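The values are calculated or read from the model by the stated rules, or taken from the named source; none is laboratory data. Just so we're clear, the structure is a prediction, and the values are computed from it rather than from any experiment. Cβ coordinates were reconstructed from backbone atoms using ideal geometry, including for glycine residues, and neighbour counts include every protein chain displayed.
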Amino acid sequence: MRKKRSQYAGSEKRKRRIIRAALACFSKIGFVDTTMEDLHQLSGCSNGSIYHHFKSKEQLAAAVYLEGISNYQTGLLAELAGCTKPRQGIFAIIRYHLKWARENESWARFLSNMRHAAFLADKEDAIGKANLNFARAIWQFFSKHIEQGTVKALPPEFYISIILGPCHEFSRHWLNRPGSTDLKAASSEFAQAAWCALKAKKN
């Protein structure tokens, strides 16, 4: 049993190393020009190991995309879990979003540029499910504050759009011109705007 677990852990570690190597290659060389040999050289994994996990470069690119979504959403929800007040939650969400884009620039650019790539065609259900669960988790955080009268009562899908919509558009602009704006200052401005839009009038 221990041997099987060890083998599984080793296999998962190699898989993640291949995904990270692919992200680096796609960022530096471009998806079209990246070859399996490039992935072999950067990851240090054999071609056999790469093909064991991913049957094609397209399948690997889809895995890079899904891993990026998971990394972003898991981290954001972990930040939100530590918040108790709605304003605190809004500031945490936006601060995390822009911080993640800065610290994971290659991933952020890949997620933005490849959203409608052909290799994601058979992953739409998985992407949709991840995004739906993400939106529901954010709604659940704010729903209790709606009941307490500190946040406006709006359709559930409004919250993620109001909080992350402008911020997401700004981060796309920033990715095209890194360093053009102070992201820390930007996060405060966007967070305050979102709070003003969502707070109940008595607040």
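A quick yes/no check of all residues on (1) under 26 Å from Ala135 (Cα atoms); (2) touching a helix residue (DSSP H, G or I) at 6+ places or on another chain (Cβ under 6 Å); (3) at pLDDT 90 or above:
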{"residue": "Arg5", "(1), (2), (3)": "no, no, no"}
{"residue": "Ser11", "(1), (2), (3)": "no, no, no"}
{"residue": "Arg17", "(1), (2), (3)": "no, yes, yes"}
{"residue": "Ile29", "(1), (2), (3)": "no, no, yes"}
{"residue": "Leu80", "(1), (2), (3)": "yes, yes, yes"}
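Just the residues that are farther than 17 Å from Tyr96 by Cα and of a type in the set (S, T, N, Q), please, taken from region 151-203.
Result: Asn176, Ser180, Asn203.
Among the residues of region 115-124, is any of a type outside the set (Lys, Arg) and in contact with an Asp or Glu (Cβ under 7 Å, 6 or more places away or on another chain)?
yes
Residue pairs, Cβ under 8 Å, 6 or more apart or interchain, first in region 82-106 and closer than 14 Å to Tyr159 by Cα, second surrounded by fewer than 21 Cβ atoms within 10 Å (Cβ to Cβ) and of a type in the set (Lys, Arg). List them.
Pro86/Lys199; Arg87/Lys199
Table: residues versus (1) within 19 Å of Ser161 (Cα to Cα); (2) among the small types (Gly, Ala, Ser).
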site: Tyr72; (1), (2): yes, no
site: Leu77; (1), (2): yes, no
site: Ala81; (1), (2): no, yes
site: Glu105; (1), (2): no, no
site: Ala108; (1), (2): yes, yes
site: Ala121; (1), (2): no, yes
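Inspect all residues belonging to region 36-52 and state whether any of them is touching a residue at least 12 places away in the same chain (Cβ under 8 Å), crowded, with 17+ Cβ neighbours inside 10 Å, among the small types (Gly, Ala, Ser) and not assigned by TED's automatic domain parsing to the domain that holds His116.
So far as region 36-52 goes, yes, one or more of its residues are touching a residue at least 12 places away in the same chain (Cβ under 8 Å), crowded, with 17+ Cβ neighbours inside 10 Å, among the small types (Gly, Ala, Ser) and not assigned by TED's automatic domain parsing to the domain that holds His116.
What about Trp195, is it surrounded by 19 or more Cβ atoms within 10 Å (Cβ to Cβ), over 30 Å from Ala22 (Cβ atoms), of a type in the set (Phe, Trp, Tyr) and touching a residue at least 40 places away in the same chain (Cβ under 8 Å)?
Judged against the criteria, Trp195 is a match.
What helices (runs of 4 or more DSSP H) lie completely within region 1-104 and have 1 or more residues being of a type in the set (Lys, Arg)?
Correct list: 2-28, 57-81, 86-103.
Test of understanding: among Gly48, Gly30, Gly44, which residue is on the phi > 0 side of the Ramachandran plot and more than 22 Å from the chain's Cα centre (by Cα)?
Step by step, each of Gly48, Gly30, Gly44 is checked, and only Gly44 is on the phi > 0 side of the Ramachandran plot and more than 22 Å from the chain's Cα centre (by Cα).
Take region 145-162 and flag every residue that is more than 13 Å from Ile90 (Cα to Cα) and out of contact with any strand residue (DSSP E or B) (no Cβ under 9 Å at 6 or more places or on another chain).
Matches in region 145-162: Ile146, Glu147, Gln148, Gly149, Ala153, Leu154, Pro155, Pro156, Glu157, Phe158.
For residues that are buried (at least 18 other Cβ atoms within 10 Å of the Cβ), within 18 Å of Lys184 (Cα to Cα) and either in contact with a Pro (Cβ under 8 Å, 6 or more places away or on another chain) or not hydrophobic (A, V, I, L, M, F, W, C) (or both), tally how many sit in region 80-115.
Number of matching residues: 5.
Within region 129-143, does at least one residue satisfy the condition of being small (Gly, Ala, Ser), touching a residue at least 60 places away in the same chain (Cβ under 8 Å) and surrounded by fewer than 19 Cβ atoms within 10 Å (Cβ to Cβ)?
yes
For residues that are surrounded by 11 or more Cβ atoms within 10 Å (Cβ to Cβ) and farther than 23 Å from Gly68 by Cβ, scanning just region 154-170, find the one that is nearest to the chain's Cα centre (by Cα).
Of everything passing the filter in region 154-170, Ile162 is nearest to the chain's Cα centre (by Cα).
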